[in-house]
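Laboratory data are not the source of any read-out in this text; all were calculated from the coordinates shown. A quick note: this is a predicted structure, and the numbers were derived from the prediction, not measured. Cβ: placed from backbone, ideal geometry, glycine included. Neighbour counts: every protein chain shown.
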Amino acid sequence: MTARQRIEQLMHTWYGFTVFAAVASVVQAALWPFAPGLMFSPVRLALALVGSALAVTVAIGFSVVTGVFGVLVVAMLGRALLARSSVTRLLLLGLSPLLAVLSGVSALQQLWSGVSHFSLSPLIAAAVSTIAATLYVRSFRVLIDPSVKDYTR
């Protein structure tokens, strides 16, 4: 596989992840009214459902906007790599390991929160963070490949 093909494949993977993360964010926003703390009282649940319709709508809109922004960032970085930008490669080489560690720590925190509070929303966030961490590691492995290094000189 050539360096260009590896970069394109990595871009397509990031596109898929960005769309998946946006959909997961929409699901989390839709689940908010059903948080465990709201279920203890029927009155609190009814008030939360009526009062949260606007909040959920705003949260879903925000999720869609951030998903579109994520796709644009992936496109910009991918095109820069395909245009043989060594500066972009070096920037991503510096950020990938750091973001992989931060995503892994975030996944563990969210997993603990989901298990200890019996909530689905943090478990969804933990899954997204885990996938992000693996993609950061994969990106680092692609970027340190000698063929990609030679391609971006």
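Are there chymotrypsin sites (Phe, Trp or Tyr not before Pro) in the range 93-153 that DSSP puts in a loop and that have at most 10 other Cβ atoms within 10 Å, and which ones?
Phe118
Can you work out the FRET efficiency for the pair Arg79 and Val101, with r the C-beta to C-beta distance and R0 = 25 Å, to the nearest 0.05?
0.40
Once R0 is set to 25 Å, what does the formula 1/(1 + (r/R0)^6) return for the Cβ-Cβ distance between Glu8 and Thr66, expressed as a FRET efficiency to the nearest 0.05?
Computed FRET efficiency for Glu8 and Thr66 comes out at 0.55.
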